1. With a 1.4 Å probe and every protein chain kept in, tell me what percent of the accessible surface of the chain is carbon plus sulfur.
2. Please label the shape of the range 43-131 as rounded, prolate or oblate, based on the square roots a ≥ b ≥ c of the eigenvalues of the alpha-carbon gyration tensor (a/c under 1.5 means rounded; beyond that, a/b larger than b/c means prolate, else oblate).
3. What pairs from K7/K89; K7/K138; K20/K105; K20/K89; K7/K105; K6/K138 go past 32 Å between their alpha carbons?
4. Mind checking the log10 I(q)/I(0) for the chain at q = 0.12 Å⁻¹? Debye, one equal scatterer per Cα, no solvent, two decimals.
5. Nearest 20 debye, what's the magnitude of the dipole of the chain about its Cα centre given +1 on Lys and Arg Cβ and -1 on Asp and Glu Cβ?
6. Per residue, how many Å² of accessible area does the chain show with a 1.4 Å probe?
7. Counting only complete DSSP H runs, which helices of the chain cover 18 Å or more along their long axis at the Cα atoms and score a mean Kyte-Doolittle of -0.5 or above?
8. So what is the calculated 222 nm ellipticity per residue for the chain, using -39500 (n - 2.57) for each DSSP H run with n of 4 or more, over all residues, to the nearest 500 deg cm²/dmol?
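The values are calculated or read from the model by the stated rules, or taken from the named source; none is laboratory data. Everything quoted here is computed from the prediction, not taken from an experiment. So basically every Cβ, Gly included, is an ideal-geometry build from the backbone, and we count neighbours across all protein chains shown. For accessibility, only protein heavy atoms count, side chains too; no ligands or nucleic acids. Shrake-Rupley method; radii C 1.70, N 1.55, O 1.52, S 1.80 Å.
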Amino acid sequence: MLSAEKKRLRAAEMVQILEKRYPDAECALQYNGDPWRLLVMGRLSAQCTDARVNVVCQRLFAEFPTAADMAAAPIERIESLVFSCGVYKVKAANIKDFSAIICEKFGGRVPDNMDDLLTLPGVGRKIANLILGDIYGKPAIVADTHCIRISNRTGLSDSLVPEKTEKALRELVPDDKSTDFCHRLVMFGREVCSSRSPNCAECPFREYECRIDVKKERI
């Protein structure tokens, strides 16, 4: 296990290397700058690929382009549109319900703080951090599967629990680098450090003696 100082040095090195490798880090979800749309897409992305969510939401937002439209939409129609994202009944209910709450309680504006975001149905820390970082420019660690996997493999985190990985990275990654660092981990995870078959020969971090245990990770 790395010391706290070695973790900080390693995190700084990873931030620098990933910045050079992926200079244009951005969210893979195509939300066109709309906070509510990112919230919807973030909820749909659970156990679903971003690519699938992007396709599904083209039609979803064509029919229900605003939070007010979604809140008034027939639940059966929402379910049919998001069916291919998986767990469609729960996701459809969540996006309809939190759209209504945003309209009724928050004046149509997606909340800009963690406490209020976590009151929305289906919104956990991962989605809340996505909103805080990408929309409001606040320090945010989006502990998704790529972030958790790579942080553990490289020794920055010692837990597969999202909240613990988030806490560990908050102590290591500068606030102004945190959001883009997480986006770059996603890009790196897809290109090189995949879950089942990481391309270690092409990894710039191979000297870290990464701890890879695919069966244990299950992410």
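1. On the way: 5620 of 11100 Å².
Carbon and sulfur atoms account for 51 percent of the accessible area of the chain.
2. Numbers: a/c = 1.81, a/b = 1.24, b/c = 1.45.
Because a/c hits 1.5 or more and a/b fails to exceed b/c, the range 43-131 counts as oblate.
3. Numbers: K7/K89 42 Å; K7/K138 23 Å; K20/K105 42 Å; K20/K89 41 Å; K7/K105 42 Å; K6/K138 26 Å.
From the list (K7/K89; K7/K138; K20/K105; K20/K89; K7/K105; K6/K138), the Cα-Cα distance tops 32 Å for K7/K89; K20/K105; K20/K89; K7/K105.
4. The computed values of log10 I(q)/I(0) come out as -0.65.
5. Numbers: 33 positive and 31 negative charges, 137 e Å.
Dipole size: approximately 660 debye.
6. Details: 11100 Å² over 219 residues.
With all protein chains present, the chain gives 51 Å² per residue.
7. Values: long enough: 4-21 (25 Å, -0.87); 50-63 (20 Å, 0.16); 88-105 (25 Å, 0.01); 175-191 (25 Å, -0.82).
The answer, listed by residue number, is 50-63, 88-105.
8. On the way: 12 runs with 127 residues, N = 219.
Roughly -17500 deg cm²/dmol at 222 nm, from the helical runs in the chain.
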